[in-house]
Amino acid sequence: MINTTNGMISTSSSSTANPQSPGLKTYFKTPEGRYKLHYEKTHLSGLLHSAHGKTVTQVTLAHLKDKPAPSTPTAPTSSFSASSGVRSAAARLLGAGNGSRALSFVGGNGGSKSLSGSSRIGSLGASSSSNSITNTNFDGKGTYLIFNAGDAIFISDLNSQDKDPIKSIHFSNSNPICHAFDQDAKDGHDLLIGLISGDVYSVSLRQQLQDVGKKLVGAQHYNKDSSVNSSRCTSIAWVPGGEGAFVVAHADGNLYVYEKNKDGAAESSFPVIKDQTQFSVAHARYSKSNPIARWHICQGSINSIAFSIDGTYLATVGRDGFLRVFDYSKEQLVCGGKSYYGALLCCAWSIDAKYILTGGEDDLVQVWSMEDRKVVAWGEGHNSWVSGVAFDSYWSSPNSDGTGETVMYRFGSVGQDTQLLLWDLQKDEIVVPLRRCPPGGSPTYSAGSQSSHWDNVSPLGTLQPAPSMRDVPKISPLVAHRVHTEPLSGLIFTEESVLTVCREGHIKIWIRPGVVESQSSNSESMLSTSSKDKPLLSSKVGSSSYKQ
């Protein structure tokens, strides 16, 4: 089995991944229509340095807001346009990054073609030098895919059908493993990059695109030379509304809170952790220290972290198999629960912060209710470890009760079995099985006579063991489609497409049913409101199962 925990690849003799085969379908069916493969993105394999080994690819979606038009002519825009409201789900393994931040979306990214010639060759090492050459053809806006492969970070123009990235940045001493983007950054530094060495950089994405050199420019360096923590970064996220605060999770079970406006090299020390099995928070002694706080979450690695959209809650999943949900501002554990087996690898919030998805080594997708503080459904459909989960906040479903409350959710999962699964979760169908299901059969459900275990709500701050499967409803996937030949590492939903990525750094963009391609000259007129203003649910969609 292939283990992509923390972005590292290892193998074991018990692999259950499907063998590679040619002839993958370029579409998959859903009740609302066909999702079609629109185009693909990848890296130039010649730019990867095999001596540095491999890391699992994660993807971050980044939208640069419009800036005043430059005085020099810009390059032609690309041919594919898309509407507003893209949500980053990066996720970190992919689950990671701040998967719930709302992003806007514009048409073709100007200057993409002109960049491709000189800036595809990445740098050897990272530099904060400001003596850089400006690319005058970059028009200061656009939507980009940021992804890692081997010892490099690659940047691709999402709205261009060119497979190759427009820029690559190589790191000479360590491999990048996680990243996050904040479109609301006020001082220009909007991109975070975490490395296997534990080092963290914050940079301006716009500045990287404007520079035609081969170096990471204008970088702020944190945890330099492992001054705070020597274990690898596993996940990184901006704090929503945090005015430049961000958190970095590590493989030793610690999470650090930084402020980007403070000196990255400022001295910061924390007391020895007295009990490795207990959650604890320590704050830096001095006002100039950075990081400003250390959260000891668990023994073993933190595999993925995700903030709720308003930044109230922080969810973490780890090597010990536990989901933990914290009140971020109060620095308190709210609730949590364990997987049925093995580590949890990924997590994601619903846009209304009512549900959390988790996936991991038990091959299951679990749906956790914040209101009930427990698992309310588990999804069975993957044949290997679940490596990425995400809610589709752009999918429309019915509102039958007239209260405006969401009654159905669409979410997706990807796994090391190379499959993309889509699921529908309807609130009135979350019921308790009456009895255990026979081998190969389906359990019988009942809305009444629920067990005392089901009715109980755990006390605040309690970590629950895995519940009996007879006490938790099982759901089946709406769609199961093999989308790549390599194990998958994550997915992202946008308003017009679904993005899937495999561990080797190949990204596929699947266009939604009914989305019509248009010329980029019309892209400005197609701009709509952001996802915060977009109604989540509006029309009924069937729930029959479509398998490829």
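Quick notes on this one:
- Note on the range 254-300: residues that are within 17 Å of E243 (Cβ to Cβ) and either among the aliphatic types (A, V, I, L, M) or touching a Cys at 6+ places or on another chain (Cβ under 6 Å) (or both) total 3.
- Subset tally (residues that are modelled with pLDDT under 95 and over 20 Å from E496 (Cα atoms)) for the range 378-407: 10
- Taking the range 168-189 as the range and being over 27 Å from E504 (Cβ atoms) and buried (at least 24 other Cβ atoms within 10 Å of the Cβ) as the test, only D182 passes.
- For the range 195-242, a residue qualifies if it is touching a Pro at 6+ places or on another chain (Cβ under 9 Å) and either on the phi > 0 side of the Ramachandran plot or among the acidic types (D, E) (or both), and exactly one does: N223.
- Residue tally, condition within 28 Å of Q183 (Cα to Cα) and either touching a His at 6+ places or on another chain (Cβ under 7 Å) or β-branched (V, I, T) (or both), over the range 298-335: 7
- Residue count, the range 190-228 (criterion: open to solvent by 10 Å² or more (accessible area, probe 1.4 Å) and either part of a helix (DSSP H, G or I) or within 18 Å of D263 (Cβ to Cβ) (or both)): 15
- Output for the range 160-177, where each listed residue is part of a loop (DSSP other than H, G, I, E, B) and within 25 Å of D225 (Cβ to Cβ): F171, S172, N173, S174, N175
The values are calculated or read from the model by the stated rules, or taken from the named source; none is laboratory data. Predicted model, so just to flag it, every value in this text is computed and none were measured. Backbone-built Cβ (ideal geometry, glycine too); neighbour counts: all protein chains shown. Keep in mind that these areas ignore ligands, DNA and RNA; they rest on the heavy atoms of the full protein, side chains included. Shrake-Rupley method; radii C 1.70, N 1.55, O 1.52, S 1.80 Å.
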